[in-house]
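A quick write-up on the structure given underneath.
The values are calculated or read from the model by the stated rules, or taken from the named source; none is laboratory data. Since the model is a prediction, treat every value here as computed from it, not as a measurement. Cβ sites come from the backbone with ideal geometry, for glycine too, and all protein chains shown count toward neighbours. For the accessible areas, the whole protein counts, side chains as well, though only heavy atoms, and no ligand, DNA or RNA atoms are used. Shrake-Rupley method; radii C 1.70, N 1.55, O 1.52, S 1.80 Å.
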Amino acid sequence: KAQQYLNIAGSIIVVLGTDESIKLVNKAGLTLLGYSEEELLGKKWFSKIIPRGDRDKARKAFQAMINGQLVEFYENLICIHDGTEKLIAWHNVLIYDKNGKITGVLASGEDITEHRKVDKELRKLSQAVEQSPASVLITDRYGRIEYVNQKFCERTRYCPEEVIGKNPRILKSGS
């Protein structure tokens, strides 16, 4: 029954033992990773899934967790079956036995690869607009100014606070 709950989750859910072995992977995890359950269960997570160059850092965070220092949120690259790398944002909780001994880590992961790519592109676009030699003014669908770049401010002598939220007609009004 618990496996059914795990399998309807849209996020990757993985349980790793203290020996770094994969104890459980839900359906979303198997789908993203491109492996069958048989290919993963019992295998070492870091040597099977983590790209070679990132293993030491990820292992260090895992070791800190199984030593009782929970790293609640963590991001790292994984390498899926076809060799593609994905950036995953993990939420982690420690698993304890009935005596209070840490026996592993339960992690829920979200693929944030595309989000990061879009963020990076938006930062580049933002830098280009800010450094543009042209004045840039952006309005919402009602014609209210939402953004002006530095060149706009230099040319019009208006600071952003004076024009944001106003109609561009103020530029012709002389006020």
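Leaving ligands, DNA and RNA out of it, report the carbon-plus-sulfur percent of the accessible area of segment 1-134 at a 1.4 Å probe. All intermediate terms of the calculation are to be shown ahead of the outcome.
On the way: 4390 of 8230 Å².
Of the solvent-accessible surface of segment 1-134, carbon and sulfur hold 53 percent.
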Of the listed values (i) 18.1, 60; (ii) 17.2, 52; (iii) 24.5, 77, grab the one calculated as Rg and Dmax of the Cα atoms in Å from the structure here. (iii)
In a Gaussian network model over the chain where Cα atoms closer than 10 Å are linked, find which of N92, N26, N149 has the largest mean-square fluctuation. N149
Ratio of the Cα radius of gyration of segment 90-175 to 2.2 N^0.38 Å, where N counts its residues: 2.00
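Are there GluC sites (Glu not before Pro) in segment 1-106 that DSSP marks as loop and that have at most 11 other Cβ atoms within 10 Å, and which are they?
Values: sites: E20, E37, E38, E39, E72, E75, E85; in loops: E20, E72.
Taking segment 1-106 and a limit of 11 other Cβ atoms within 10 Å, the loop GluC sites (Glu not before Pro) found are E72.
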HN-Hα J in Hz across segment 127-141 - Karplus 6.51, -1.76, 1.60, θ = phi - 60°, x for Gly and Pro: 4, 5, 5, 5, 8, 5, x, 9, 6, 10, 10, 10, 10, 7, 5
I'd like the Karplus ³J(HN,Hα) series for segment 98-104: coefficients 6.51, -1.76, 1.60, θ = phi - 60°, whole numbers in Hz, and an x wherever there's a Gly or Pro. 5, 9, x, 7, 5, 10, x
Per GNM of the chain with C-alpha springs under 10 angstrom, the most fluctuating residue out of S21, S11, S36 is S36
Skipping prolines and chain starts, which residues have an amide H placed within reach, meaning under 5 Å, of the one on I95, given they are 5 or more residues away or on another chain? T103, G104, V105, L106
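Keeping every protein chain present and rolling a 1.4 Å probe, give me the accessible area per residue for segment 1-114 in Å². Walk me through the numbers on the way to the answer.
Details: 6430 Å² over 114 residues.
Result: 56 Å² per residue.
With 21 Å as the limit, write out which pairs from K86/K120; K27/K98; K57/K124 have Cα-Cα distances beyond it, or answer none. Intermediate results must be reported in sequence, preceding the final value.
Values: K86/K120 15 Å; K27/K98 28 Å; K57/K124 28 Å.
Too far apart for the 21 Å limit: K27/K98; K57/K124.
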